[in-house]
Amino acid sequence: MKSRSTRIWAWIAVVGGFIFDMAYGHTLSVGPLRADLGFVCLMVAGLFVGASTGAVLGLALGILQASYGSVYAGSVMVSRAAAGWGVGVLEEHLFRDSAHVAVALTFAGTLFCELTFFACAPQSAIGEFATGSFWTACGNGLLALPVYLALRRVMARRTDDVDYSR
Amino acid sequence: MLLTDTHRPRNRYFGVVICVAIGIGLGIWFGASRSTGRSSPLAAAVRSATQPAVMGARAVGTWMRRQTSWVVRARQLEAENQRLRAHVGRLEGEIAGLHEADAAASRLRAQIGFALTPLPRRLAADVVALHPSPYCDSVTLNRGASDGIRAGMVVCAPQGVLGRVFEVAPGTCGVLLLTDSRCAIGSVIQRADSRVTGVCRGTGAKSLSMVYVDHDADVRVGDAVVSSGMGEALGIFPKGLPIGRVTRVGDDMSGAAKVIDVAPAAAYDRIEEAYILL
């Protein structure tokens with residue numbers, strides 16, 4: 001079982017990341033790179049929680065983001081829930097205590113999330129959407145490193161579900 | 001390194017199925033509410049709950065920037081101050097002249113029977129969240145239905161038009177910016193010997209595109225573009241609001257029409273306060 005405090009830290013990370021993103025998200029862009037701090041926190045925190053908690057965290061992030069003016073509310077919620085679940089499932093198979101894994105998973109998770117979003121809400125400008133998604137994935141991947149290093153300090157030592165003896 | 005999966009597959013999929021079902025249901029609910037121009041009660045409650053934290057975080061950042069920016073910009077400030085004083089002096093002279101011209105125009109319009117359009121009242125609002133969604137170009141303001149805001153109202157920054165209110169909650173409202181590809185505004189070249197009309201559309205990027213302009217229209221780089229007050233289908237933007245300046249003039253692929261790039265007058269990535277036209 002995941003420890004209770006791990007889940008609490010995961011919630012704090014996702015909600016805190018979302019709030020910071022709402023306040024300063026527009027400054028987290030350099031050229032075409034644009035990072036979504038709330039989503040990055042979801043991906044990194046998802047490394048330390050299970051699939052169901054990841055899905056619930058993703059749905060919660062989707063509700064928060066959709067409440068602030070997305071015109072594709074349902075697609076946002078579903079894509080975040082799917083991405084949170086996906087990283088939670090992988091958490092059961094991957095060695096999570098690695099910055100490389102966190103960065104790679106965030107990059108791939110962003111692309112998966114955007115793909116899920118596109119499947120739910122097809123966009124007419126496919127090229128622009130694909131390019132934007134790629135740059136967002138790059139931005140999120142870069143931001144994942146400091147977020148991972150910060151979250152690992154508070155979450156990793158509280159997670160005791162990995163049975164290395166098996 | 002691979003670890004043994006200790007969870008049963010049924011449990012693993014159960015969570016995501018429930019979450020996706022909830023997401024679809026909430027999405028339909030949010031969409032139905034938004035089509036009436038109002039936020040769903042859940043979205044309004046989430047915004048009300050998180051707004052103090054978001055605005056608090058913004059206030060901390062603004063305070064820190066103000067405390068530190070003068071150190072960085074100390075050398076520039078004196079030169080900037082002198083330049084601005086000279087600029088204010090010029091503007092005061094221009095305003096006095098414009099008041100005279102406005103009074104004369106109003107008098108003449110009244111004499112020949114034109115209806116005089118009163119200036120709309122303005123309500124100041126702070127930005128709660130700037131570009132909150134990657135899928136639509138919008139801002140969230142801290143004014144809502146309790147302040148008399150309704151969907152469709154026009155929102156301006158001191159420099160020019162920002163966009164239109166597209167959803168309203170009791171204490172906040174969402175504004176679709178002109179740069180969003182779903183937004184358009186009837187526009188006209190302000191230069192007296194041009195007065196070419198068209199439609200400024202968002203491109204999804206930081207610039208606008210003025211379309212429906214004849215290929216032989218008199219448009220030059222640097223021309224100011226203002227709202228034309230026309231186009232009921234595009235929403236009612238009052239006439240004469242600054243939109244931006246022409247940065248590029250070219251022909252479209254068919255050669256039958258001009259393609260005009262317009263740089264917005266308002267800085268869409270640095271909006272701190274806005275005015276809602278009531």
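Per 5 Å bin from zero, what fraction in whole % of the C-alpha pairs of the range B:164-278 is there, up to the bin with the longest pair?
2, 12, 22, 25, 19, 11, 5, 3, 1, 0
Does the range B:134-174 classify as rounded, prolate or oblate by the C-alpha gyration tensor (a ≥ b ≥ c root eigenvalues; a/c under 1.5 gives rounded; else a/b over b/c gives prolate, otherwise oblate)? Present the calculation step by step, with values, prior to reporting the outcome.
Numbers: a/c = 1.92, a/b = 1.26, b/c = 1.52.
Oblate shape, in that a/c is at least 1.5 and b/c is the bigger or equal ratio.
Taking the alpha-carbon set of the range B:76-116, what are its Rg and Dmax in Å?
Cα-based Rg and Dmax for the range B:76-116 come out at 16.8, 52 Å.
Which angle between 0 and 90 degrees, to the nearest 10, do you get for helix B:41-111 versus the longest principal axis of chain B when only C-alpha atoms count?
Approximately 10 degrees, to the nearest ten.
If I take all pairs of Cα atoms in the range B:57-144, what percentage of them are more than 21 Å from each other? Present the calculation step by step, with values, prior to reporting the outcome.
Details: 2592 of 3828 pairs.
Percent of Cα pairs beyond 21 Å in the range B:57-144: 68.
I need two numbers for the range A:62-107: Rg to one decimal and Dmax as a whole number, Cα atoms only, in Å.
When restricted to Cα atoms, the range A:62-107 yields Rg and Dmax of 13.2, 37 Å.
Could you work out the mean count of beta carbons from other protein chains within 10 Å of each residue's beta carbon in A:54-64? Mind showing how you got there, number by number?
Values: counts 3, 11, 5, 1, 4, 8, 2, 0, 5, 8, 6.
Mean inter-chain Cβ contacts per residue within 10 Å come to 5.
Which value, in nm² and rounded to one decimal, describes the direction-averaged projected area of the C-alpha convex hull of the protein assembly as shown?
25.5
With every protein chain present, what is the per residue accessible area of the protein assembly as shown (1.4 Å probe, Å²)? Walk me through the numbers on the way to the answer.
Values: 22270 Å² over 444 residues.
Heavy-atom accessible area per residue stands at 50 Å².
When you have a sec, figure out the Kirkwood radius of chain B from all distinct Cα pair distances and drop it here in Å to one decimal? Before the final figure, lay out each step's value.
On the way: mean 1/r = 0.0452 Å⁻¹.
Hydrodynamic radius (Kirkwood, Cα only) of chain B equals 22.1 Å.
Subtract the Cα-Cα distance of B:Arg248 and B:Trp70 from 0.36 nm times their separation in residues, and report this length gain in nm to one decimal. If you can, show how the numbers build up before the last one.
Details: separation 178, 0.36 × 178 = 64.08 nm, distance 3.59 nm.
Once the chain is fully extended between B:Arg248 and B:Trp70, it gains 60.5 nm.
If you take the beta carbon distance between B:Ala21 and A:Ala130 as r and set R0 to 22 Å, what does 1/(1 + (r/R0)^6) give as a FRET efficiency, to the nearest 0.05?
Calculated value: 0.20.
Taking the 0 to 90 degree range and rounding to the nearest ten, how far is the long axis of helix B:9-35 tilted relative to the main principal axis of chain B, both from C-alpha atoms?
Helix B:9-35 and the main axis of chain B meet at about 30 degrees.
Only Cα pairs under 8 Å and at least 6 apart count here; give the relative contact order of chain B as a rounded whole percent.
Numbers: 477 pairs, mean separation 43.8, N = 278.
It rounds to 16 percent for chain B.
For chain A, what does the equivalent ellipsoid look like in terms of its semi-axes, each the square root of 5 times an eigenvalue of the Cα gyration tensor, given largest first in whole Å? Walk me through the intermediate numbers first.
Values: eigenvalues 129, 50, 46 Å².
Its equivalent ellipsoid spans semi-axes of 25, 16, 15 Å.
The values are calculated or read from the model by the stated rules, or taken from the named source; none is laboratory data. These figures come from a predicted structure and were not determined experimentally. No Cβ is skipped: glycine too gets one built from the backbone with ideal geometry, and neighbour counts run over all protein chains shown. When the accessible area is computed, the model is the full protein with side chains, heavy atoms only, and any ligands, DNA or RNA have been set aside. Shrake-Rupley method; radii C 1.70, N 1.55, O 1.52, S 1.80 Å.
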